[in-house]
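Asks: The structure's right below; bear with me while I get my questions together.
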Amino acid sequence: MTALSVTTYGVDADAVVDGLVGEKVASRIAAKDATLWGPEAESEASIRLGWTDLHETSRPLLAEIEALSAQLRSEGLDRIVLAGMGGSSLAPEVITRSAGVELTVLDTTDPGAVRRALADRLDRTVLVVSSKSGSTVETDSQRRVFEAAFTEAGIDAASRIVVVTDPGSGLADLATERGYRKLFLADPDVGGRYSALTAFGLVPSGLAGADIAALLDEAAAVAERLSGDVPDNPALRLGAALAGGHGDGRDKVAIADAGSGIAGFADWAEQLIAESTGKQGTGILPIASGGTDDPEVAHPAGDVLPALVGSPAQPPAKGVVVAGELGAQFLLWEYATAVAGKLLGINPFDQPDVESAKAAARGLLDATPEPEAPAFTDGVVEVRGSAGLLDGVDSLAGAVEALLGRLEPNGYLAVMAYLDREGDDAGLAGVRVPLERRTERPVTFGWGPRFLHSTGQYHKGGPAQGVYLQVTGAPAEDLEIPDRPFTFGQLIAAQAAGDAQVLADHDRPVLRLHLTDRKAGIDTLRGILR
């Protein structure tokens with residue numbers, strides 16, 4: 001087992017760490033001291049610190065998960081589909097990918113992606129419905145369509161649905177009322193993005209075949225060290241490195257894998273950091289990098305800190321190297337993010353701007369207004385923009401130039417694709433690195449609506465540094481949502497429009513590109529954006 005370590009290069013965090021040690025920040029986090037982040041955060045923090053001892057409190061889950069897993073396998077049910085968003089899906093995806101076991105993660109409202117999940121081995125499928133609130137619209141829609149599909153196939157739907165939610169939620173009541181196969185109640189004193197080692201992370205991962213006991217063991221092995229008020233505490237050093245550069249204008253972190261053996265860790269850390277710190281006009285922008293050769297890691301701008309997970313052959317001239325097993329890394333980054341929140345003077349446990357995009361989407365679904373007319377159409381791409389962005393512009397290439405022209409020297413570009421991340425649209429993600437080289441600024445790429453439960457908070461609550469490129473596409477075939485007055489296609493369109501509306505309301509420059517033909521449109525976009 002690799003020992004947990006945080007090594008900084010060219011980053012002087014000693015003075016900041018000494019201050020954290022003096023304030024006993026680490027031991028106060030471990031003791032669930034809700035006063036640490038100030039009076040305004042105290043009420044929220046008092047019900048959000050259960051993650052510090054999950055390596056102990058989650059142990060009773062292991063036997064329950066193993067017993068259910070054995071039952072399912074004995075019935076020939078070996079395909080697990082997870083319907084969940086944000087904190088309910090990101091950790092299980094990392095855990096199962098790293099373990100090399102199959103888990104179908106359904107964290108989208110794209111009709112094509114949902115259709116694909118429905119069409120694959122339904123006779124061997126168990127659906128895990130995960131929602132902390134119990135009212136997540138994406139997850140509820142996915143549950144409805146799977147329940148109908150099971151029933152239509154002559155399968156007892158209740159026997160194929162497992163629920164993970166907080167006590168007292170409407171979803172918990174529904175699971176009991178309908179007699180779903182199993183109801184797991186998660187620890188309510190843990191926020192979604194800190195929930196990797198709760199039932200939200202462990203149930204779908206364990207049912208898929210991952211060794212979840214090992215994760216708890218890995219976290220337990222480092223828990224005492226992370227709670228220590230000593231200068232070599234890795235959590236204090238990482239938290240100080242993440243947040244300690246704000247006085248120098250360093251407020252972004254590029255997270256890249258460097259041979260850790262952990263798959264997709266940056267996507268999980270992205271949500272944890274962005275949603276925890278991006279508020280009140282401050283925050284740390286996480287960039288989920290594809291690798292150590294990407295420009296934001298190999299040649300970082302002065303406001304970007306490379307953070308390499310693993311053991312790189314060549315350490316960065318300026319940056320952080322973090323090594324350790326997955327369970328230990330979960331707990332380390334959670335501690336470090338809470339520490340960073342303390343240093344930034346914000347509450348790392350709320351997400352005040354996430355609800356705004358949800359409310360805007362609900363409003364659009366309820367009102368069902370006519371779609372906003374495009375400013376112009378260029379081939380198969382309809383072009384729309386926030387106020388003033390497209391003045392005098394009449395081409396797709398010109399629209400992109402107009403958006404990039406709004407980039408400030410300390411800014412970033414966010415590409416937000418409300419498309420199918422695992423289907424034919426997946427290639428669009430390849431524009432991120434070329435755009436970084438073109439702009440010489442950090443570029444993030446998010447699949448919608450998935451990123452709304454992650455970086456969406458930072459986009460609206462963080463520093464006003466971003467410019468936003470939204471890409472949507474007409475579905476080849478829509479999909480009804482049982483007993484709902486809208487389809488999946490209408491839902492994802494409303495989510496995209498609502499997100500753009502809230503960004504524009506925050507005076508963020510937004511360029512919206514709608515592909516009337518997805519394949520041709522993506523080919524066109526890849527050419528222009530590169």
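The values are calculated or read from the model by the stated rules, or taken from the named source; none is laboratory data. Just so you know, these numbers come straight off a predicted model, no measurement behind them. Because the Cβ atoms are built from the backbone with ideal geometry, glycine has one as well, and the counts that use them run over all protein chains shown.
Asks: What number goes with the only condition from (1) within 15 Å of the chain's Cα centre (by Cα); (2) aliphatic (A, V, I, L, M); (3) surrounded by 18 or more Cβ atoms within 10 Å (Cβ to Cβ) that Leu215 does not pass?
Replies: Going through the list (1) within 15 Å of the chain's Cα centre (by Cα); (2) aliphatic (A, V, I, L, M); (3) surrounded by 18 or more Cβ atoms within 10 Å (Cβ to Cβ), Leu215 breaks only (1).
Asks: Also, I was wondering about something else. Out of everything in the range 254-283 that is closer than 15 Å to Thr444 by Cα and without any contact (Cβ under 8 Å) to a residue 60 or more places away in the chain, what residue ends up being farthest from the chain's Cα centre (by Cα)?
Replies: Only one residue fits best here, namely Ala256.
Asks: Quick one: which helices (runs of 4 or more DSSP H) lie wholly within the range 1-100 and hold at least 3 residues that are out of contact with any helix residue (DSSP H, G or I) (no Cβ under 8 Å at 6 or more places or on another chain), of a type outside the set (Gly, Ala, Ser) and in the same structural domain as Pro188 (by TED's automatic domain parsing)?
Replies: Working: elements: 14-22, 25-30, 39-45, 54-57, 59-74, 90-99.
Because the criterion is at least 3 residues that are out of contact with any helix residue (DSSP H, G or I) (no Cβ under 8 Å at 6 or more places or on another chain), of a type outside the set (Gly, Ala, Ser) and in the same structural domain as Pro188 (by TED's automatic domain parsing), the helices (runs of 4 or more DSSP H) in the range 1-100 that meet it are 59-74.
Asks: A follow-up question, please. Out of all the residues in the range 253-269, is one or more touching a Pro at 6+ places or on another chain (Cβ under 6 Å), closer than 18 Å to Val433 by Cβ and surrounded by fewer than 24 Cβ atoms within 10 Å (Cβ to Cβ)?
Replies: The answer is yes, given that some residue of the range 253-269 is touching a Pro at 6+ places or on another chain (Cβ under 6 Å), closer than 18 Å to Val433 by Cβ and surrounded by fewer than 24 Cβ atoms within 10 Å (Cβ to Cβ).
Asks: Quick one: Val128 ticks every box in (1) within 21 Å of the chain's Cα centre (by Cα); (2) assigned to a helix (DSSP H, G or I) bar one, so which box is it?
Replies: Of everything listed in (1) within 21 Å of the chain's Cα centre (by Cα); (2) assigned to a helix (DSSP H, G or I), Val128 misses just condition (2).
Asks: Here's something else I'd like to know. Condition first: within 20 Å of Gly310 (Cα to Cα), modelled with pLDDT of 95 or more and in a helix (DSSP H, G or I). Can you find one or more residues in the range 195-215 that meet it?
Replies: Applying the first criterion (within 20 Å of Gly310 (Cα to Cα)) to the range 195-215 yields 196, 214-215.
So of that shortlist, the ones also modelled with pLDDT of 95 or more come out as 196, 214-215.
Next cut, in a helix (DSSP H, G or I) only: 214-215.
Checked against the condition, which is being within 20 Å of Gly310 (Cα to Cα), modelled with pLDDT of 95 or more and in a helix (DSSP H, G or I), the range 195-215 yields at least one hit.
Asks: Taking the stated definitions as given, is Thr377 among the polar types (S, T, N, Q), in a strand (DSSP E or B) and under 17 Å from the mean Cα position of the chain (by Cα)?
Replies: On the way: among the polar types (S, T, N, Q): yes; in a strand (DSSP E or B): yes; under 17 Å from the mean Cα position of the chain (by Cα): no.
No, not satisfied.
So that you can scan it fast, the table gives a plain yes or no per residue for (1) crowded, with 21+ Cβ neighbours inside 10 Å; (2) not in a helix (DSSP H, G or I):
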| residue | (1), (2) |
| --- | --- |
| Asp140 | no, no |
| Arg143 | yes, no |
| Thr151 | no, no |
| Gly154 | no, yes |
| Ser159 | no, no |
| Pro167 | no, yes |
| Thr176 | no, no |
| Pro188 | no, yes |
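Asks: If you don't mind, another one. Do we have any residue at all in the range 241-248 that's at pLDDT below 95, under 24 Å from Gly290 (Cα atoms) and assigned to a loop (DSSP other than H, G, I, E, B)?
Replies: Yes: one or more hits.
Asks: So, one more: For the range 249-264, give me each residue that is more than 18 Å from Ser311 (Cα to Cα) and assigned to a loop (DSSP other than H, G, I, E, B).
Replies: Of everything in the range 249-264, those that are more than 18 Å from Ser311 (Cα to Cα) and assigned to a loop (DSSP other than H, G, I, E, B) turn out to be Gly249, Arg250, Asp251.
Asks: Now, a different point. Looking at the range 265-349, what helices (runs of 4 or more DSSP H) fall wholly within it and have at least 2 residues that are out of contact with any Cys (no Cβ under 9 Å at 6 or more places or on another chain) and over 18 Å from Thr8 (Cα atoms)?
Replies: Helices (runs of 4 or more DSSP H) meeting the threshold: 265-277, 326-344.
Asks: Among the listed residues Val230, Val163, Val253, Val190, identify the single one that is more than 30 Å from Thr292 (Cα to Cα), assigned by TED's automatic domain parsing to the domain that holds Leu305 and aliphatic (A, V, I, L, M).
Replies: The match here is Val230.
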